[in-house]
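The values are calculated or read from the model by the stated rules, or taken from the named source; none is laboratory data. These numbers come from a predicted model, not from an experiment. Using ideal geometry, Cβ is built from the backbone for each residue, glycine included, and neighbour counts are taken over all protein chains shown. Heads up: the accessible areas ignore ligands, DNA and RNA and are worked out on the full protein's heavy atoms, side chains in. Shrake-Rupley method; radii C 1.70, N 1.55, O 1.52, S 1.80 Å.
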Amino acid sequence: MAGKKVIITGVPGVGKTTVINEALNKLKSEGVEYQPINFGSFMFEVAKSEGLVENRDQMRTLDRADQKRLQQRAAQAIAKIDGNVMIDTHASVKTPTGYLAGLPEWVLREIMPDVIILVETDNDQILMRRLNDETRSRDKEGARAIAEHQQFNRSIAAAYAMVTGCTIRIITNADHLLDLAAVEMADVLR
Ligand code: AP5
């Protein structure tokens, strides 16, 4: 299928969605179009229709078989989309029984991304962003746990590159430097 497939990942609250929106605004004025897809939203619509969850933050607590089935349904739907696609998702998801791969083999083989971007920043900045965001039910964890999650995401991204041959790009979204992150992301997408 024609078009570029770019996957954007990062721990909750790192600002993935914010950077994506800024980058897409920049590209629009140049005539470069991407369809933004939120993987969690695809999963949530199916989970809600089956009565499994009431809000998106509850999906992390579903059992592994349900999460796997929801991932597969989302990946199959996304794979059918033509043109440039940008997928906002997670390299790994923190569940009560440990890290769940966000892009396991059955998801990667459907989507076959060209690039996976890891959005990162300092652990204490992520902690503050989560504490200030009252619209979501964020997991309560400290800067050390956030550091472990960011490190785990780098490790698992290397495995994703091995399966697909895609490149891995790390972009820092630091406080007050959103524009810098958006410029870097737009460069990758052009
Ligand atoms: P998802 O919808 O991705 O939710 P999330 O993980 O909570 O991520 P957010 O989108 O809320 O955070 P963000 O990093 O985009 O930050 P934001 O831009 O809002 O996923 C929901 C659920 O779906 C997951 O928990 C999981 O269960 C499931 N899921 C998804 N993909 C999956 C997969 N592949 N496999 C299995 N399950 C999956 O910004 C946060 C705050 O920071 C905002 O207040 C913003 O204003 C602020 N901010 C951003 N940038 C800056 C900056 N530079 N300076 C200062 N403040 C900033």
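Output the helices (runs of 4 or more DSSP H) that fall wholly within segment 11-92 and possess 2 or more residues being open to solvent by 20 Å² or more (accessible area, probe 1.4 Å) and touching a strand residue (DSSP E or B) at 6+ places or on another chain (Cβ under 8 Å), or say none.
Working: elements: 16-28, 39-49, 64-79.
Answer list for segment 11-92: 16-28.
Check off (1) open to solvent by 30 Å² or more (accessible area, probe 1.4 Å); (2) within 12 Å of the ligand (Cβ to nearest atom) for Ala143 and give me the number that stays unchecked.
(2)
What are the pairs, 6+ residues apart or on separate chains, where a residue within segment 117-133 that is within 10 Å of the ligand (Cβ to nearest atom) has its Cβ under 8 Å from a residue that is part of a strand (DSSP E or B) and open to solvent by less than 40 Å² (accessible area, probe 1.4 Å)?
Close Cβ pairs satisfying both conditions: Val119/Ile8; Val119/Thr9; Val119/Ile171.
Can you name the condition, by its number, that Ile7 falls short on among (1) hydrophobic (A, V, I, L, M, F, W, C); (2) assigned to a loop (DSSP other than H, G, I, E, B); (3) at pLDDT 95 or above?
Only one criterion in (1) hydrophobic (A, V, I, L, M, F, W, C); (2) assigned to a loop (DSSP other than H, G, I, E, B); (3) at pLDDT 95 or above is unmet by Ile7, namely (2).
Inspect segment 68-88 for any residue being closer than 28 Å to Asn132 by Cα, in contact (Cβ under 8 Å) with a residue 24 or more places away in the chain and among the polar types (S, T, N, Q) and give the result as yes or no. Explain how you work it out, then say what you get.
In the first step, residues of segment 68-88 are kept if they are closer than 28 Å to Asn132 by Cα; the result is 86-88.
With the extra rule that they be in contact (Cβ under 8 Å) with a residue 24 or more places away in the chain, the set shrinks to 86-88.
Now narrow it down to the ones that are among the polar types (S, T, N, Q): none.
Looking through segment 68-88, none of the residues is closer than 28 Å to Asn132 by Cα, in contact (Cβ under 8 Å) with a residue 24 or more places away in the chain and among the polar types (S, T, N, Q).
Within segment 41-75, can you find the residues that are more than 9 Å from the ligand (Cβ to nearest atom) and polar (S, T, N, Q)?
Once the filter is applied, which keeps residues that are more than 9 Å from the ligand (Cβ to nearest atom) and polar (S, T, N, Q), segment 41-75 yields Ser49, Asn55, Gln72.
Being of a type outside the set (Ser, Thr, Tyr), part of a loop (DSSP other than H, G, I, E, B) and at pLDDT 95 or above narrows it down to one residue among Leu103, Leu180, Leu108; which is it? Give the derivation first.
Values: Leu180 fails: part of a loop (DSSP other than H, G, I, E, B); Leu108 fails: part of a loop (DSSP other than H, G, I, E, B).
None of the other options fit; the residue is Leu103.
Would you point out which residue out of Arg138, Arg154 is closer than 17 Å to His90 by Cα, open to solvent by 40 Å² or more (accessible area, probe 1.4 Å) and assigned to a loop (DSSP other than H, G, I, E, B)? Spell out how you get there, then give the answer.
On the way: Arg154 fails: assigned to a loop (DSSP other than H, G, I, E, B).
None of the other options fit; the residue is Arg138.
Determine if segment 138-152 includes at least one residue that is charged (D, E, K, R), modelled with pLDDT of 95 or more and closer than 14 Å to Val119 by Cα.
Our first condition is that a residue be charged (D, E, K, R); within segment 138-152, this holds for 138-141, 144, 148.
Pick out the ones that are also modelled with pLDDT of 95 or more and you get 144, 148.
Those left that are additionally closer than 14 Å to Val119 by Cα: none.
No, every residue in segment 138-152 fails to be charged (D, E, K, R), modelled with pLDDT of 95 or more and closer than 14 Å to Val119 by Cα.
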